[in-house]
Amino acid sequence: MPRYLLLSDIHANLTALEAALAAAEGRWDSAVCLGDVIGYGPDPNEVVERIVGLGIRTIRGNHDKAGSGIEDSEDFNPIARAAVEWTHEQLTPENLRWLRELPAGPLIDGGLAFVHGALLDEDEYVFTVEGAARSLREATSPITFFGHTHVQGGFLLRNGRVEAFRPSIATESGFVPMELDTDTRYLINPGSIGQPRDGDPRAAFVLFETDRQRIEFWRVPYDIEAVQNRMEEAGLPEPLVLRLAFGR
Ligand code: ZN
């Protein structure tokens, strides 16, 4: 049974992606990316090529659809839309094609489900216990991995009750483990690699050992300033540059 690496919301941040891959090296057999490979960050081509090079199975996110032009960015706020337009201009024809062909979730594999947003709506944000309850009750797999909110943690359904959980990783670089129970359904968000919004600016990801039914919630620091400098050089909107340092 494989050990999984779960990545989500990389958002064209190659420095954060490399920090996460270095920390996870040798600890996984199979990797899945839950979408939003591009958008906001300065390295769309480099990040796509790294994911393709590693053969990481990827489902699409809303930024992958908008940045590759298969969906318009009308729903995006003006700042996000400016980043979408910049990203679209940067992408090579080959990378544009790869992004356009990304499948929508859910991807189902070995009793696990992988989605970008909610189980039955890839664009829906699952922030609340009420929203999570719908996905947990509709799930046919005991464990669903999701992204989109950029918040590491998730929700569980046990004895008819839904609860939220949020890990807190105190060491500079490292993880907190969580053992999974068999009579419980889980919705697990690895957090965002390239633009965390849970108040912790470090890159976030998850490792899942299927044999031991054990999750590790990871946080690793990366050179945020280097990414901010590249964003400024590219002329990406200032609020997007600043938020990386706050993790909001
Ligand atoms: Zn995202």
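In order along the stretch 230-242, phi translates into HN-Hα couplings of 5, 5, 5, 4, 6, x, 6, x, 3, x, 5, 5, 5 Hz, rounded to whole numbers, per the Karplus curve 6.51 cos²θ - 1.76 cosθ + 1.60 with θ = phi - 60° and x for Gly and Pro.
How many angstrom separate the Cα center of the stretch 5-41 from the Cα center of the stretch 188-248? First find each Cα centre; the distance between them is then 9 Å.
3J(HN,Hα) along the stretch 44-52, derived from phi through the Karplus expression 6.51 cos²θ - 1.76 cosθ + 1.60 where θ = phi - 60°, amounts to x, 5, 4, 5, 4, 5, 5, 5, 5 Hz, with x in place of Gly and Pro.
Extending 7 Å from Cα along the Cβ direction at Glu233 and again at Arg27 yields two label points whose distance is 3.0 nm. Counting only protein heavy atoms, what percent of the accessible surface of the stretch 1-43 is carbon or sulfur at a 1.4 Å probe? C and S atoms contribute 49 percent here.
Among 137-146, 29-38, sorting by the average number of other beta carbon atoms lying within 10 angstrom of each residue, highest first, gives 29-38, 137-146.
For the stretch 1-130, the calculated P(r), taken from all Cα-Cα distances in 5 Å bins from zero up to the bin holding the longest distance, is 2, 11, 21, 23, 20, 14, 7, 2, 0 percent.
Using just its DSSP H runs of length 4 or more, each adding -39500 (n - 2.57), the chain gives a mean residue ellipticity at 222 nm of -9500 deg cm²/dmol after division by all residues.
Computed from point charges on the beta carbon alone (+1 for Lys and Arg, -1 for Asp and Glu), the dipole magnitude for the chain about its Cα centre is near 680 Debye. Annotation: amide H-H contacts under 5 Å for Phe145 (H modelled 1.01 Å from N, sequence separation of 5 or more, or interchain): Ala113, Phe114, Val115, Ile188. Counting only protein heavy atoms and a 1.4 Å probe, the chain has 43 square angstrom of accessible area per residue.
Database remark: amide H of Arg57 closer than 5 angstrom to the amide H of Ala31, Cys33 (H placed geometrically; neighbours at sequence offset of 5 or more, or on other chains; Pro and chain starts carry no H). Among the GluC sites (Glu not before Pro) in the stretch 95-134, those placed in a DSSP loop whose Cβ has at most 10 other Cβ atoms within 10 Å are Glu101. Considering only Ala23, Ala118, Ala66, the mean-square fluctuation computed in a Gaussian network model of the chain, springs between alpha carbons under 10 angstrom, is largest for Ala23. FRET efficiency for the Glu85 to Arg158 pair, using the beta carbon distance and R₀ = 41 Å, is estimated at 0.35. Here the dipole of the stretch 1-128 is about 420 debye; that uses its Cα centre as origin and unit charges on the Cβ of Lys and Arg (positive) and Asp and Glu (negative). For the stretch 152-160, 3J(HN,Hα) computed residue by residue from phi via the Karplus equation (6.51, -1.76, 1.60; θ = phi - 60°) reads 6, x, x, 9, 9, 10, 9, 6, x Hz, glycine and proline entered as x.
The values are calculated or read from the model by the stated rules, or taken from the named source; none is laboratory data. Model, not experiment: these values are computed from the prediction. Cβ atoms come from the backbone with ideal geometry, glycine included; neighbour counts cover every protein chain shown. Please note that ligands, DNA and RNA were not included when accessible areas were found on the heavy atoms of the full protein model with its side chains. Shrake-Rupley method; radii C 1.70, N 1.55, O 1.52, S 1.80 Å.
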